[in-house]
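First comes the structure, then the notes that go with it.
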Amino acid sequence: MPARILVAKPGLDGHDRGAKLVARALRDAGYEVIYTGIRQRPDEVARVAAQEDVQILGLSILSGSHLALTRKTIAALQDAGATDVHVVVGGTIPTTDVPKLLEAGASAVFPTGTPLDDLLAGIARLTGDGEPEPATP
Amino acid sequence: MTAPVPQDLLDAARDGRTAPLGRLVSLVERGGPAARDVARAAYPLSGAAYTVGITGAPGAGKSTLTGRLVGALRSREDRVAVLAVDPSSPYSGGAILGDRVRMHDHVLDDGVFIRSMATRGHLGGLSLAAPEAVRVLDAAGYDWVLLETVGVGQVELDVTQTVDTTIVVVNPGWGDDVQAAKAGLLEIADVLVVNKADRPGLDETRMDLENMLDTSTTAGDGWRPPVVATVAADGGGVDDLLTAIEGHRAWLAGEDRLAAARAARLWDEVESILAARLRRRAQRMLTDDGIASVRSRVGARDLDPWSASDRILAALDGGAPPAPSDPGA
């Protein structure tokens, strides 16, 4: 059964080329990707994650507010009762902020420039199957 | 942490909690014994919701229209669940489920639950788990369950087996009277919607559809689908659509038609489940060592395929093989 992943863009930046690229790469790797569109509030993202019962929530953040938005989203997930969702963060993240994001509860961080293969390997580790669902034409 | 039992999840979902309902739908989607447990717990609680299917060609505006319907129902304070089905990639098995982007207004509304689902290789416009998921949303206490299918063509008509009212969405200039006369998609409509009605060609499309309805001989049940024009992008005509849905609902309520239609659909569902399970049994049987001799006799033209299937059926039934001269078994 393919793992379900929510790709969300919290905050105010409206650039979603990266998020859409990642969404397509995940789809092509056999995942079911729910895409929410741009400019979502953390409580909205958390509610969608709960309704969709995703294993992974990917936040794409280019605005520089990744720390605050990640913390708020993780708190909102707790409030929504979606406590077993892995949060991963991608976007323009300075390397010095990576440990801070992990400390805030992110399961992985993929700064801009992360090779797609590394991202897919990281996601596969989190979904627990090591490999995404094999292709079934 | 032990896995919560379906009944606990269902109780929490009926209290209006989001995450437990999300989990229940996942269990149903995953299949297997847990899905059966959920189905068993949900079934006696289901039947109170009114279910509406929204189908039509890709890009016809189904998601936007569904979002607008949610808004119209919420303004009456009815609680609404949406199941939006999108196709899985036949190549990777993955999917991008993006319908809910167009229903974003309702994300934080506690009276609305929206769930996306991939077809996972199932043809017919729905996923195999969709009917059961609709029943879970029904059992969770929503007044309405809206089921949006993948963009379908002329023959993928599962939705009508799952919902009370089927809406078929087309656009102006979508076809001509020959298209309209074709069997298939239009025949399943209880309500016909011409969406994007601000585009040229509305009058012709409406006339083609009405002509099709005038000359239709299949609708023996006496319901003539109304043709409603909408502009989902700005909400135009959505109240008319809701009126049309309510009209069909009221018609179904007369002479016990709704109860009869639901009972017939449920019995159809029993038949499909039974057929699928018998098929699996037959497939297992065909790989069984005990019938290897039957297989080699067929290959050697010593036993014809009908007689071979007689033997296998008899073994499935656990009884004596029927007489070889009985081809109808």
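Considering only segment A:57-94, how many residues are in contact with an Asp or Glu (Cβ under 6 Å, 6 or more places away or on another chain) and away from chain B (no Cβ under 13 Å)?
To start, the set of residues in segment A:57-94 that are in contact with an Asp or Glu (Cβ under 6 Å, 6 or more places away or on another chain) comprises A:62-63, A:76.
This time we only want the ones that are away from chain B (no Cβ under 13 Å), so: A:62-63.
Selection size over segment A:57-94: 2.
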Legend entry - Pair list, Cβ < 7 Å and 6+ apart or interchain, from segment A:18-35 residues that are farther than 14 Å from B:PRO90 by Cα and more than 7 Å from chain B (Cβ to nearest Cβ) to residues that are crowded, with 24+ Cβ neighbours inside 10 Å and of a type in the set (D, E, K, R): A:ALA19/A:LYS9
Inset, instruction - Filter segment B:82-134 down to the residues that are over 22 Å from B:ALA13 (Cα atoms), of a type in the set (S, T, N, Q) and at the interface with chain A (Cβ under 10 Å from one of its Cβ atoms), then identify the one that is surrounded by the fewest Cβ atoms within 10 Å (Cβ to Cβ). - result: B:SER89
Inset, instruction - Note down all Cβ pairs under 6 Å where the first residue falls in segment B:162-187 and is closer than 29 Å to B:ALA260 by Cα, the second is at pLDDT 65 or above and among the aromatic types (Phe, Trp, Tyr), and they're at least six residues apart or on different chains. - result: B:ASP164/B:TYR50
Inset, instruction - Considering only segment B:290-329, state which residues are modelled with pLDDT under 85 and of a type in the set (Ser, Thr, Tyr). - result: B:SER325
Legend entry - Hits in segment A:93-107 - residues which are within 14 Å of the chain's Cα centre (by Cα) and either of a type outside the set (A, V, I, L, M, F, W, C) or crowded, with 21+ Cβ neighbours inside 10 Å (or both): A:ILE93, A:LEU101, A:GLY105, A:ALA106, A:SER107
Legend entry - Scope segment B:18-62; condition in a strand (DSSP E or B) and hydrophobic (A, V, I, L, M, F, W, C); matching residues: B:VAL52, B:ILE54
Legend entry - Residue satisfying condition, being modelled with pLDDT under 95, more than 14 Å from every other protein chain (Cβ to nearest Cβ), in contact with a helix residue (DSSP H, G or I) (Cβ under 8 Å, 6 or more places away or on another chain) and crowded, with 17+ Cβ neighbours inside 10 Å, within set B:ALA35, B:ALA49, B:ALA72, B:ALA39: B:ALA39
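The values are calculated or read from the model by the stated rules, or taken from the named source; none is laboratory data. Quick caveat, the model's predicted, so the values are computed rather than measured. Ideal geometry is used to build each Cβ from the backbone, glycine not excepted, and the neighbour counts take in all protein chains shown.
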